[in-house]
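K.L.:
Below are the structure tokens for one structure; questions will follow.
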Amino acid sequence: MAPTGPDGGRGSAMAPGKKITARIKRTLPVRGPQAPTLSELMRWYCLNTNTHGCRRIVVSRGRLRRFIWILLTLSAVGLILWQCAELLLNYYSASVSVTVQFQKLPFPAVTICNINPYKYSSMKDYLSELDKETKKALETFYGFSEGKSKVRRSAGDWNETESHFFNQIPLLKFEDFSRTATDLRSGRKRKIEGSVFHKDSSIVNSGDSNDIIGFQLCDANNSSECALYTFSSGVNAIQEWYKLHYMNIMAQIPLETKEELSYSADDLLLTCFFDGLSCDKRHFTRFHHPLHGNCYTFNSGENGTILSTSTGGSEYGLQVVLYIDEADYNPFLVTSTGAKIIVHDQDEYPFIEDIGTEIETAAATSIGMHFTRSRKLSKPYSDCTETGADIPVENLYNKSYSLQICLHSCFQKAMVESCGCAQYTQPLPAGAEYCNYKKNPNWMYCYYRLHEKFVKEQLGCQQICKDACSFKEWALTTSIAQWPSIVSEDWMLRVLSWDKGQKINKLNKTDLANLMVFYKDLNERFISENPTNTIVILLSNFGGQLGLWMSCSVVCVIEIVEVFFIDSLSIVMRRQWQKAKKWWNDRKREGSGKHQVGDVERQGHDNPVCIDEDLPTFNTALRLPLPQESHLPRTPPPNYSTLRLETAFTEQLPDTLEAGQH
């Protein structure tokens, strides 16, 4: 039978060195690529690799922690495979995509108002006394009289009982900005006290170049508190004086009556086309503006439908012919003829008095639009507001928030709080009423003083109100052409007169205005702010620095957090818990009695010298300090009787006797 070697195989005898090697392999575990099993190979890899996730799977204690590291590692591997596959697909793809997009832009809301707010023929009953005094003032100051020569009227011709409006706010004439003024109604000179506010204008100068027209407003409760408003132009002075009384009268007329006194849709609109199709007054929505009367908004979106256009150019926008009716204009309230329009979003309030565009009569006005949407970042990047909910000012306009809405609402709120009534040109707050000097005799002086503070930013409205973060804007380009032309004027005016219902009298071209509003192109421009530094960029920069200088990855950072924060914190907390527990046990033992404390202190494991982890030796035990108030333990003397040898047998054995004899 052939001999077997140390490894169990048959063959010739192994050399001594090979026998030792085989015995070591059988005794010691084999690591690395020469590991006998796949499990050993994976364990060796995980313990020696630079891939931190695999190593943490092996060395982590506890099933939960090991499961978390397995989940993190597998997730990282999945993300790597996904990103690499995407990169490979993008690299080897040779396709080219061309996108052609035909879009429709939503058409904005277009609000149209006649510059003259109310028909003068309908308002004569309300304005007759004011107009009469205005004409008297013009005749006295400038010798103006309808149908008469330019002869100044003497002050004695005034009827004191009929000068109600001049008694309320007297008109004054100053010379060289002096404090001495002449009352133009009575002709008397008087000394003027109070703050002077110059509202200069270069339109028309009154009489001599040194003449300055103005009026004085005083506090009804304190006659020494006055404010003087001067104008270098008599036109501006008369108009400002007239508007104050006009607003006071209109504030006392009910809204329903004012809507009837203004222009209807049939009065204002003659023809309408949109996107090549005919439209009519049903496509317009009426709303009442305090300064412009009845205004009409095309494409207001109130019925839930917003019109859009798919083609640019004047032929595919809004085309309307407006009837202005210049003969029925108020001669003292407005000095220009035409209409005002504003292009705005459906959710935006049309501040036509601030940013409206005027349309001429006897002309065709073309307005081309470019649409821009803008969006700014809110805090901490800018001080804008998303919806205005964070602004402590009530929105009185029931429209989406804007800076103008906030400023007007803030001023109206301050007006109600300071003057006790609301200003006529802005919406009414809840529970308030418009100012008139029958109920509020001090409102004019209060309004001017408050408006002065508002302009100087002393009310705090400019500090409270913020810009909106997102808004839409239509940039307008206006061009004007003569309309109708001379060759087509005759037949066009006759046809429009027939459409208007005037079959006998032909319309005058100065009563008509042609308006076209359209997109110049359908390119929508979008302007947005993006943060320069985002969380992704921040993490990328951190990852780049850690990878460059420390060869760290996300898994490495998690490992650092685990070791230096979680594990370190648990160790510190465990130490503190042990100290607290020991302190509590010592306190309980102190309260149980001194005798027990002395017995416990004699034990070696409670002695402060024996804190070392190694067990005390005989020499260290001798150096242990003795507890206080205790006697030194002494070794008892030996019992010498125990040293005597006593036989266990009563008789001596025979073999011992023989040995003893020898």
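Readers should treat all values here as calculations from the given coordinates under stated rules, not as data from a laboratory. This one's a predicted model, so the numbers in the text were calculated from it and none came from an experiment. Reconstructed Cβ throughout: ideal geometry from the backbone, glycine too, with neighbour counts over all protein chains shown.
K.L.:
Please work out the Kirkwood hydrodynamic radius for region 383-468, using every pair of different C-alpha atoms, and report it in angstroms with one decimal place. Mind showing how you got there, number by number?
P.N.:
Values: mean 1/r = 0.0750 Å⁻¹.
So the Kirkwood estimate lands at 13.3 Å.
K.L.:
Under a point spin-label approximation (7 Å from Cα along Cα-to-Cβ), what is the L522-I571 distance to one decimal in nm?
P.N.:
About 7.0 nm separates the two model spin labels.
K.L.:
Please report the relative contact order for region 383-468, taking Cα pairs under 8 Å with a sequence separation of at least 6, and give it as a percent rounded to a whole number. Spell out each step's value before the answer.
P.N.:
On the way: 99 pairs, mean separation 31.4, N = 86.
37 percent.
K.L.:
Still on this structure, please answer the following. Obtain the radius of gyration and the Kirkwood radius of region 341-442 from its C-alpha atoms and give Rg over Rh.
P.N.:
On the way: Rg = 17.7 Å, Rh = 16.6 Å.
Rounded to two decimals, Rg/Rh equals 1.07.
K.L.:
Let me ask you something else. Full extension from V235 to E259: what is 0.36 nm times the residue separation minus their Cα-Cα distance, to one decimal in nm?
P.N.:
On the way: separation 24, 0.36 × 24 = 8.64 nm, distance 2.89 nm.
Fully extending the segment from V235 to E259 adds 5.8 nm.
K.L.:
Distance between Cα centroids, region 226-287 to region 317-367: provide it in whole Å.
P.N.:
10
K.L.:
Tell me the relative contact order for region 317-454 as a rounded percent, counting alpha carbon contacts under 8 Å between residues six or more apart. List each step's numbers first, then the result.
P.N.:
Values: 115 pairs, mean separation 18.3, N = 138.
With pairs under 8 Å counted, the relative contact order is 13 percent.
K.L.:
Related question: Return the subset of K135/K453; K456/K520; K104/K506; K132/K258; K379/K399; K119/K466 for which the Cα-Cα distance in this structure is over 31 Å, preserving the input order.
P.N.:
Working: K135/K453 33 Å; K456/K520 40 Å; K104/K506 41 Å; K132/K258 22 Å; K379/K399 23 Å; K119/K466 39 Å.
Those over the limit are K135/K453; K456/K520; K104/K506; K119/K466.
K.L.:
Relative contact order, percent, of region 255-385 when contacts are C-alpha pairs under 8 Å separated by at least 6 residues?
P.N.:
Numbers: 127 pairs, mean separation 25.7, N = 131.
For region 255-385, the relative contact order is 20 percent.
K.L.:
Given Cβ point charges of +1 (Lys, Arg) and -1 (Asp, Glu) and nothing else, what value in debye, to the nearest 20, does the dipole of region 252-307 about its Cα centre take? Numbers along the way, then the final one.
P.N.:
Working: 4 positive and 8 negative charges, 19 e Å.
My answer is approximately 80 debye.
K.L.:
Work out the length of the dipole vector of region 383-468 about its Cα centre, built from +1 on the beta-carbon of each Lys and Arg and -1 on the beta-carbon of each Asp and Glu, and round it to the nearest 20 debye.
P.N.:
Numbers: 8 positive and 9 negative charges, 92 e Å.
Around 440 debye, computed over region 383-468.
K.L.:
Calculate how large, on average over all directions, the projected area of the Cα convex hull of region 295-348 is; give the answer in nm² to one decimal. Write down the numbers at each step before the final one.
P.N.:
Values: hull surface 22.6 nm².
Result: 5.7 nm².
K.L.:
With bins 10 Å wide starting at 0, give me the P(r) of region 208-359 over every alpha carbon pair, in whole percents.
P.N.:
8, 28, 30, 18, 11, 4, 0
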